[in-house]
Amino acid sequence: MLNLVSFQRHSASRQDVNVGEIRGQGMLLCFAIALCLAAHPHLGLRHDGVLYLGQLLSHVHPMALGTDFFFAHGSQDQYSLFSALLVRAVNTFGLPALGFSISLFSQVALLLGAGRLITRYLSVLPLWLPLSALALGSRFYGGHWVLSFGEDFVTARSVAEPLALWSLVFVLERRYLLAGLMLAGALLLHPLQALPATVVVGGCVMQQHRRLRWLPLLALVPLALAWSGLKPFSRLFDSYDELWWGLVYERNGLVLPHLWNPVEWCQVALDLWLVGAMAKRLPKPMAELCRGVFASALLLLLISTIAVGLFHNVLLTQLQLWRVLWLLRLVAMILAPGAIWHFWRSGGPHNKLFAIAWLAAMLATGASWQAAWAPVLWAALCLALARTRRPLSTPVWAFAWLFSGGLLLLVTADSAFRELLQIAPETVGGERLWLEARAVVAQPLVGTAVMFAVYYLNLGASGSKRWIGWALSLSLLTPAAYFWDQRTAWTRILEHGVTDKHPFEQHIGQEAQVYWHGQAAGAWALLHRASYFSIHQGAGLLFNRGTALDYGERHQVFNESLRSADRCLELADLVKDSEMAAQCFHLADAELLSFCERGRNLDFIIADSISAFRPVMRWIWQRPSGPPKEFYLYDCKSLDKISGTIGESR
């Protein structure tokens, strides 16, 4: 399928490595880190990072957050040591510094792990190719483009993923003690992310020691015990009831593979095809890894799709076995540049055409194009032409080349344009200049071309060329590191609020329920109180029925208002009106009254707009740029019309 004969000529011996080669690899790794920092800036507290912040604070303020419905019924935190380990560190170093360090560790450790695999087992490839792909390529996997490895915010995955990758590195090197320690650490921090790595590690070990191939039979033991009805194993066959499943189906669609769209499945298919094909043509250690990842991905994805989609199995839904796709994606990103490179160099216009079409298909699926199926079909057609060597007329060749090249340029231009549109209007000066340059350089096609220039300079024997290569690397690394922290002013307030005291706290009882309209982390981070409702709290629906029922009840209270605010934000983003966006979460008097009346056990509401009802207090946040922003605290138990003076704090 793939003509990669040169891969088979590789020798694992590294005795011929000289000082110049080590320096050259160091230069390329430095540039890859610079590209990685440029493509994946630190965004701080957002996404699942909000949930991990809440879990951390539940250890610090157990009485206050114990009444929060996200924790009251039990959360995923009971299966991880991440939050418990971070409590003391947050008190010592502060959340901003700790988050910054963990995020940087995650990016660098992933690159170093990949670099170890490349230099040890794929040294026939130019190092710059797979490193640039890993630094710049799309890391999203699974459904709804929600999860990715090496994320730009901090969760337990930020540490578990590098540990899992290094466990695979050590297994291939047959250093089983180190592999076991790394894998154990990953399992203790994030079992769901490390479980697929455990299966892959087991697959690699069984290939290395044939006498251990009976190990998968051990899975029959808990299945037999479950079939016999013995507790707690009998829970293996529990299914969601209709009400609980309906809530999971509506809110947690990304954990249900049968709900993924065709583009997401196209990416899975491309990655599976690549890893499966390369397993037959790589040197033995990498072939073991590819076979382990390919077989694990097929098996776990099949189990997850059938058990979840057909049987609504509780345990297998919660285990999210499809998360093996993060490893499939990572390995595919390492291997794809080499496969494309060798197709291009193998000669013949058919192979070259397929290389371009395949690259366009990978970039289109990675960029989450809704019509990415078209480049995928085109790549499949080009592969068929490459295999059959069917002669084509000159006009057809011209069209094929123009179409493939056009797709490649269109995907790159579209991604860069979308990046440029995301730059905040208030960003000015050197930071804006860097963000505009980053939007272009961080595109895989552009960044790889620049990295090739560094690689070319490294080829020369003269010291002057290498000094120019180092200068290019450092010229990108310096601004990438300086502007790597892209947290918003509000995110910084939230992170510092973890250890500070907020003026509203004096008016809110320790066990009070607070709804902060339009802010997911405000109640937890700034007030250290139970959050009555936020969309983020719906992430735990599949793990606990009580959490799901509470979420469903409260979601009905706020759903219409939040959907209206989302539509307003979409329109404001379309017309690039920041003032309009700032007013999207303003609460009308009728909404405020409705929330208090319908929200069972709701004590306080915080909104960014004044109403006809008297607030308990006003807090004025002095933003670094722009006018100050006001927040009002309303007590649902005593909503009165405004009279007298409103207390305030700045």
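The values are calculated or read from the model by the stated rules, or taken from the named source; none is laboratory data. The shown structure was predicted, so the numbers you read here are calculated from the model rather than taken from an experiment. Here Cβ is always computed from backbone atoms with ideal geometry, including for glycine, and neighbour counts include all displayed protein chains. SASA here: full protein model, heavy atoms, side chains in, ligands and nucleic acids out. Shrake-Rupley method; radii C 1.70, N 1.55, O 1.52, S 1.80 Å.
Based on the Stokes-Einstein relation at 4 °C and a viscosity of 1.567 mPa s, and on the Kirkwood radius from alpha carbon pairs, the stretch 121-233 is assigned a translational diffusion coefficient of 79 µm²/s.
Using a ≥ b ≥ c from the Cα gyration tensor of the stretch 25-118 (square roots of the eigenvalues), is it rounded, prolate or oblate, where a/c under 1.5 gives rounded and otherwise the larger of a/b and b/c decides, a/b for prolate?
Working: a/c = 2.82, a/b = 2.53, b/c = 1.11.
Because a/c hits 1.5 or more and a/b exceeds b/c, the stretch 25-118 counts as prolate.
Shown in residue order for the stretch 170-184 are the 3J(HN,Hα) couplings computed by the Karplus curve 6.51 cos²θ - 1.76 cosθ + 1.60 at θ = phi - 60°: 6, 5, 5, 8, 6, 9, 5, 5, 5, 4, x, 5, 5, 5, 4 Hz (x for Gly and Pro). Each residue of the stretch 130-141 was assigned a 3J(HN,Hα) from its phi angle through the Karplus curve 6.51 cos²θ - 1.76 cosθ + 1.60 (θ = phi - 60°); the sequence is x, 5, 5, 5, 5, 6, 10, x, 6, 9, 5, 9 Hz, with glycine and proline shown as x.
Consider all pairwise Cα distances in the stretch 518-650 and report the whole-number % of them above 18 Å. So the portion of pairs separated by more than 18 Å is 61 percent.
In the chain, the DSSP beta bridges split such that about 60 percent are antiparallel, to the nearest 5.
Per residue, the stretch 258-402 exposes 39 Å² of solvent-accessible protein surface, assessed with a 1.4 angstrom probe and all protein chains in place. Sequence-ordered 3J(HN,Hα) estimates for the stretch 45-54 from the Karplus curve with 6.51, -1.76 and 1.60 and θ = phi - 60° stand at 7, 6, 6, 5, x, 5, 5, 5, 5, x Hz, glycine and proline given as x.
Write down the accessible area per residue of the stretch 39-118 in Å², having rolled a 1.4 Å probe over the full set of protein chains.
Roughly 39 Å² per residue, with all protein chains present.
Treating each Cα of the stretch 372-469 as an identical point scatterer and summing with the Debye formula, the log10 of I(q)/I(0) at q = 0.23 Å⁻¹ comes to -1.11. Note on the stretch 401-525: Rg/Rh from Cα positions, Kirkwood definition for Rh, rounded to two decimals, is 1.19. The packing ranking, built from the mean of other Cβ atoms within 10 Å per residue, places the peptides 491-499, 238-246, 33-41 in the order 33-41, 491-499, 238-246, highest first.
Estimated purely from DSSP H runs of n ≥ 4, each contributing -39500 (n - 2.57), the mean residue ellipticity at 222 nm for the chain is -20000 deg cm²/dmol once divided by its residues. Close amide H pairs (under 5 Å, H built 1.01 Å from N) link L147 with Y141, residues at least 5 positions away or on another chain.
Each listed q (0.12, 0.17 Å⁻¹) maps to a log10 I(q)/I(0) for the stretch 447-606 from the Debye sum over equal C-alpha point scatterers, namely -0.71, -1.09. From the alpha carbon centroid of the stretch 145-200 to that of the stretch 296-318 is 21 Å.
Considering only alpha-carbon pairs that sit under 8 angstrom and 6 or more positions apart, the relative contact order computed for the chain is 19 percent.
Would you mind working out the accessible area per residue for the stretch 506-598, using a 1.4 Å probe, and quoting it in Å²?
On the way: 4060 Å² over 93 residues.
Accessible area per residue, the stretch 506-598: 44 Å².
For the chain, the list of Cys residues with no other Cys C-beta under 4.7 Å reads C30, C36, C204, C266, C290, C382. Per-atom-type breakdown for the chain gives carbon and sulfur 63% of the accessible area (1.4 Å probe, protein chains only). Pairs of Cα atoms in the chain fall into 20 Å distance bins, from 0 up to the last occupied one, in shares of 17, 49, 29, 5, 0 percent.
A Stokes-Einstein calculation at 25 °C with viscosity 0.890 mPa s, built on the Kirkwood radius of the stretch 206-297 over Cα pairs, returns a diffusion coefficient of 145 µm²/s. For S239, the residues whose amide H sits under 5 Å from its own are V314, ignoring neighbours fewer than 5 places away on the same chain, with H placed 1.01 Å from N.
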